[in-house]
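Contents: one structure, followed by commentary.
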Amino acid sequence: MTDNKPLIALVTPLKDEKDNIDRFLKTLENQSIAIKCLVIVENDSTDGSKEYLNKIASIKNVEHFKVININFEDTTYRVGKKYATIIDTGFQYLKTQSFFDSLDYIGILDCDVFPEQEYYYKLTTFLNENPTIGISSGLTYTEEGKLHIADPNFVRGNSRLWKKECFLDAGYLIAYTADTVSIALAHLKGWKTATLKSAKVVSREVNVRIANSRNKGYHAYYRGHTLFYVFLKSIYLIIVKAKPKMGYEFLAGYINSLVGNKPRIENKQVRKYFRYYMFNKLIHKY
């Protein structure tokens, strides 16, 4: 921290976001505290995003600006390991920079997410005042001002901030549902995670890019959740949420993965964390 000003580095995954780039960068220019570094990891854009970014030499309120271009054989949109690989590419770049040791916070900010002017001031103040909290985010709203349907207590992956100590302590795994896995990694190292309800971001893509329920069933299996947990969640979706197809598909995705003996996350501690996830929630361990 320099002169009581937090030093923040952000990683932004970007594909085919040309229409959002100007608005996105404007929100960073308007932040009430400066951003030490912004790393945009562009991948396989076909709408001119890559060429547009190449014309941007610097950004007001951002000290260091870097664009990394990477390509994949599979150019389709993916929520899983591909996204995590893109994010990790940005993280690895940050670790090579001379200013890395001086950073206080490291975050992710998707290009279709637009934080309010005081967003990073609020988050860094909140994290500074709560020593045990290692990861935080605000809440996501639609353009119309409606709160995203996701759990308001779940730290959002698209706009989260790590304390650097937590980031280094817990690490970041390239895995399916890396946002959820990274929370588990933090908890396993003794850190808490929490959302700051007064901090707000707006997203154009809320509820648009949502993995189908069968994939979510596999992801639950992949992380190590038990069949009992998945069954209860399926019943909750069917009866409480009145979404029978979603509940059925979620359960089917898990069972098919179990029967097919599909790969699970290799980290044994993470698998154990999710195996006892429901019990730990009940006793408020995390």
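The values are calculated or read from the model by the stated rules, or taken from the named source; none is laboratory data. Please read all numbers here as calculations on a predicted model, not as lab measurements. Cβ sites come from the backbone with ideal geometry, for glycine too, and all protein chains shown count toward neighbours.
Structure summary
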{"item": "Any hit, region 97-112, residues being farther than 23 Å from Tyr83 by Cα, in contact with a helix residue (DSSP H, G or I) (Cβ under 8 Å, 6 or more places away or on another chain) and of a type in the set (A, V, I, L, M, F, W, C)", "result": "yes"}
{"item": "In region 246-277, residue surrounded by the fewest Cβ atoms within 10 Å (Cβ to Cβ) [restricted to those that are of a type in the set (Ser, Thr, Tyr) and in contact with a helix residue (DSSP H, G or I) (Cβ under 9 Å, 6 or more places away or on another chain)]", "result": "Tyr248"}
{"item": "Flag if Val201 is hydrophobic (A, V, I, L, M, F, W, C) and within 30 Å of Tyr121 (Cα to Cα)", "result": "yes"}
{"item": "Spans of helices (runs of 4 or more DSSP H) in region 187-286 with at least 2 residues of a type in the set (A, V, I, L, M, F, W, C)", "result": "227-235, 244-259, 268-275, 277-282"}
{"item": "So Thr193, is it under 22 Å from Ser137 (Cβ atoms) and hydroxyl-bearing (Ser, Thr, Tyr)", "result": "yes"}
{"item": "Members of region 168-183 that are of a type outside the set (Val, Ile, Thr) and within 13 Å of the chain's Cα centre (by Cα)", "result": "Tyr172, Leu173, Ala175, Tyr176, Ala178, Asp179, Ser182"}
{"item": "Candidate set: region 31-73, residues that are of a type in the set (Lys, Arg) and without any contact (Cβ under 8 Å) to a residue 24 or more places away in the chain; chosen: the one surrounded by the most Cβ atoms within 10 Å (Cβ to Cβ)", "result": "Lys50"}
{"item": "Per-region count, region 113-138, residues surrounded by fewer than 21 Cβ atoms within 10 Å (Cβ to Cβ) and either touching a helix residue (DSSP H, G or I) at 6+ places or on another chain (Cβ under 9 Å) or on the phi > 0 side of the Ramachandran plot (or both)", "result": "3"}
{"item": "Residue list for region 43-97, restricted to those being among the charged types (D, E, K, R) and over 19 Å from Asp179 (Cα atoms)", "result": "Asp44, Asp47, Lys50, Glu51, Lys55, Lys60, Glu63, Lys66, Glu73, Asp74, Lys95"}
{"item": "Some residue of region 158-165 being in the same structural domain as Lys262 (by TED's automatic domain parsing) and of a type in the set (Lys, Arg)", "result": "no"}
{"item": "Filter result (part of a helix (DSSP H, G or I), within 21 Å of the chain's Cα centre (by Cα) and polar (S, T, N, Q)) within region 24-51", "result": "Thr27"}
{"item": "Search result, residues across region 210-236 that are modelled with pLDDT of 95 or more and of a type in the set (A, V, I, L, M, F, W, C)", "result": "Ala220, Leu227, Phe228, Val230, Phe231, Leu232, Ile235"}
{"item": "Selection from region 84-98 of residues that are buried (at least 21 other Cβ atoms within 10 Å of the Cβ) and more than 21 Å from Leu7 (Cβ to Cβ)", "result": "Ala84, Ile86"}
{"item": "Residue tally, condition in a loop (DSSP other than H, G, I, E, B), crowded, with 20+ Cβ neighbours inside 10 Å and among the hydrophobic types (A, V, I, L, M, F, W, C), over region 155-186", "result": "2"}
